[in-house]
Amino acid sequence: MGYRVAINGYGRIGQCVLRALYSHRARHDLHVVAINELSDIDTLAYLTRYDTTHGRFPLPVERNGEHLMIGDHAIRVLNEPDPARLPWAELEVDLVLECSGSFNDTATASQHLSSGASRLLFSQPASAEVDATIVYGFNHGLLKPAHRIVSSASCTTNCIVPVLNLLHEAFGIEHGVTTTLHSAMNDQPVIDSYHHTNLRLTRSALQSIIPVDTGLDRGIDRLLPELSGRFQCLHLRVPTINVSVMDLSVQLQRATTPQAVNRLFQAQARGSLAGLLGYTEEPHASVDFNTDPRSGIVDGTQTRVSGGTLLKMLCWFDNEWGFANRMLDVAQAWLKLPDSKP
């Protein structure tokens with residue numbers, strides 16, 4: 001059975017979602033039938049064909065009228081700013097992948113449903129009233145056929161929540177601090193330029209390490225309510241174009257050793273979380289994880305324990321490719337639920 005999918009917003013995540021879909025044969029049942037993006041179709045074709053971070057598209061990409069041709073597959077390209085006017089009913093869209101990043105509320109999302117889409121999946125944390133916030137591999141069992149608006153959380157949440165869950169189950173967590181060292185994003189200028197009320201985001205992404213706000217602590221609270229209020233989170237943008245790393249400091253309830261912590265993650269990476277969580281003891285640099293589809297990779301060489309209970313860890317993640325793959329995993333799991341397709 002095939003499912004008809006539309007991508008709303010064709011920025012970094014929208015582009016990676018399309019690339020990941022065509023790079024993974026197991027997702028042959030997801031068919032992108034439309035892309036809604038305000039840029040012109042020739043620009044979309046060019047940005048699909050060539051990508052500085054992830055290389056050339058694996059199939060020929062051409063324009064044919066108002067369609068983007070991926071091999072012999074035609075994707076209709078729309079330029080509609082008003083979601084209430086999108087032709088989702090005409091296109092029989094089963095699921096909208098909302099990748100614009102321009103809203104996160106159910107009221108606007110519901111306009112896509114009113115336009116004829118059966119469901120909508122956010123590529124970012126959404127407001128609390130959505131039907132569910134899902135981190136694939138952690139809580140995707142909560143998905144229900146009746147859900148209509150769901151969030152895939154964030155790249156950082158997908159990386160760290162499974163790690164925290166395993167640590168809490170094995171050793172108990174009193175409290176902790178995360179520091180995300182995140183690659184530059186498109187809300188930063190190449191050179192200093194006023195375009196944002198957050199003055200730090202007016203500074204050159206190429207020249208500095210830049211602190212920005214993060215909602216990761218709220219994501220942890222929502223997904224791991226047993227740890228609510230126990231985490232503080234920092235976020236630093238660094239001058240690389242892709243791959244980020246999570247610096248995790250946790251006060252554990254029970255004493256442990258670096259070896260015991262590493263054994264836990266090594267076992268999970270080979271077991272139930274294989275393909276989602278990785279583990280390595282090689283001397284890596286961040287670029288080694290470019291286009292890595294896993295949510296996070298624990299670097300066992302950097303695990304430290306002070307005083308038996310103060311744990312320090314590093315977890316790498318491709319903030320674009322890993323998250324795009326998880327979004328598709330959520331979409332596929334959701335659409336395949338019994339009686340899920342109207």
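The values are calculated or read from the model by the stated rules, or taken from the named source; none is laboratory data. On a predicted model such as this, the values are computed, not experimentally measured, just so you know. When we count neighbours, we look across all protein chains shown, and the Cβ atoms used for this are built from the backbone with ideal geometry, even at glycine.
Could you say whether any residue in region 95-103 is assigned to a helix (DSSP H, G or I) and either more than 22 Å from residue 332 (Cα to Cα) or touching a strand residue (DSSP E or B) at 6+ places or on another chain (Cβ under 6 Å) (or both)? Let's see the steps before the verdict.
Step one: filter region 95-103 for residues assigned to a helix (DSSP H, G or I), giving none.
Within region 95-103, none of the residues are assigned to a helix (DSSP H, G or I) and either more than 22 Å from residue 332 (Cα to Cα) or touching a strand residue (DSSP E or B) at 6+ places or on another chain (Cβ under 6 Å) (or both).
Within the set of pairs 6+ apart or on separate chains, which have a first residue in region 254-269 that is in the same structural domain as residue 175 (by TED's automatic domain parsing) and more than 24 Å from residue 137 (Cα to Cα), a second that is of a type in the set (D, E, K, R) and part of a helix (DSSP H, G or I), and C-beta atoms under 8 Å apart?
Here the result reads none, with nothing in region 254-269 linked to a residue that is of a type in the set (D, E, K, R) and part of a helix (DSSP H, G or I).
How many residues does region 59-78 hold that are outside any strand (DSSP E or B) and surrounded by 13 or more Cβ atoms within 10 Å (Cβ to Cβ)? Spell out how you get there, then give the answer.
Start the filter on region 59-78 by keeping residues that are outside any strand (DSSP E or B), which leaves 59-60, 65-66, 71-72.
Okay, now just the ones that are also surrounded by 13 or more Cβ atoms within 10 Å (Cβ to Cβ), so 59.
Of the residues in that region, 1 qualify.
Six or more apart or on different chains, Cβ atoms under 9 Å: show the pairs whose first residue is in region 201-226 and free of Cβ contacts under 8 Å to residues at least 12 places away in the same chain and whose second is part of a loop (DSSP other than H, G, I, E, B) and buried (at least 18 other Cβ atoms within 10 Å of the Cβ).
If the second residue must be part of a loop (DSSP other than H, G, I, E, B) and buried (at least 18 other Cβ atoms within 10 Å of the Cβ), the pairs left are 221/230.
Quick check, is residue 222 under 22 Å from residue 324 (Cβ atoms) and in a helix (DSSP H, G or I)?
Details: under 22 Å from residue 324 (Cβ atoms): yes; in a helix (DSSP H, G or I): yes.
Considered against the rule, which asks whether it is under 22 Å from residue 324 (Cβ atoms) and in a helix (DSSP H, G or I), residue 222 comes out as yes.
For region 287-333, give me every one of the strands (runs of 3 or more DSSP E) that falls completely inside it and has 3 or more residues that are surrounded by fewer than 24 Cβ atoms within 10 Å (Cβ to Cβ).
Working: elements: 296-299, 304-306, 310-317.
The strands (runs of 3 or more DSSP E) meeting that bar are 304-306, 310-317.
Exactly one condition in (1) crowded, with 17+ Cβ neighbours inside 10 Å; (2) within 19 Å of the chain's Cα centre (by Cα); (3) closer than 18 Å to residue 135 by Cβ is not met by residue 221; state its number.
(1)
Out of 39, 23, I need the residue that is polar (S, T, N, Q), in the same structural domain as residue 122 (by TED's automatic domain parsing) and more than 19 Å from residue 155 (Cβ to Cβ). Which one?
39
Just to be sure before I move on: is residue 252 closer than 15 Å to residue 314 by Cα and buried (at least 17 other Cβ atoms within 10 Å of the Cβ) in the structure I sent? Give the steps one after another, and end with the answer.
Values: closer than 15 Å to residue 314 by Cα: no; buried (at least 17 other Cβ atoms within 10 Å of the Cβ): yes.
Answer is no for this residue.
A quick yes/no check of all residues on (1) among the acidic types (Asp, Glu); (2) closer than 29 Å to residue 22 by Cβ; (3) more than 18 Å from the chain's Cα centre (by Cα):
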{"site": "230", "(1), (2), (3)": "no, no, yes"}
{"site": "244", "(1), (2), (3)": "no, yes, no"}
{"site": "275", "(1), (2), (3)": "no, yes, no"}
{"site": "278", "(1), (2), (3)": "no, yes, no"}
{"site": "288", "(1), (2), (3)": "yes, yes, yes"}
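Hey, does region 189-199 have a residue that's in contact (Cβ under 8 Å) with a residue 60 or more places away in the chain and surrounded by 13 or more Cβ atoms within 10 Å (Cβ to Cβ)? Talk me through it step by step, then tell me what you get.
Taking region 189-199 first, the residues in contact (Cβ under 8 Å) with a residue 60 or more places away in the chain are none.
So far as region 189-199 goes, no, none of its residues is in contact (Cβ under 8 Å) with a residue 60 or more places away in the chain and surrounded by 13 or more Cβ atoms within 10 Å (Cβ to Cβ).
Considering region 139-153 alone, what residues qualify as being buried (at least 22 other Cβ atoms within 10 Å of the Cβ) and part of a loop (DSSP other than H, G, I, E, B)?
Quick first cut of region 139-153, residues buried (at least 22 other Cβ atoms within 10 Å of the Cβ) only: 149-153.
Within region 139-153, 152, 153 qualify.
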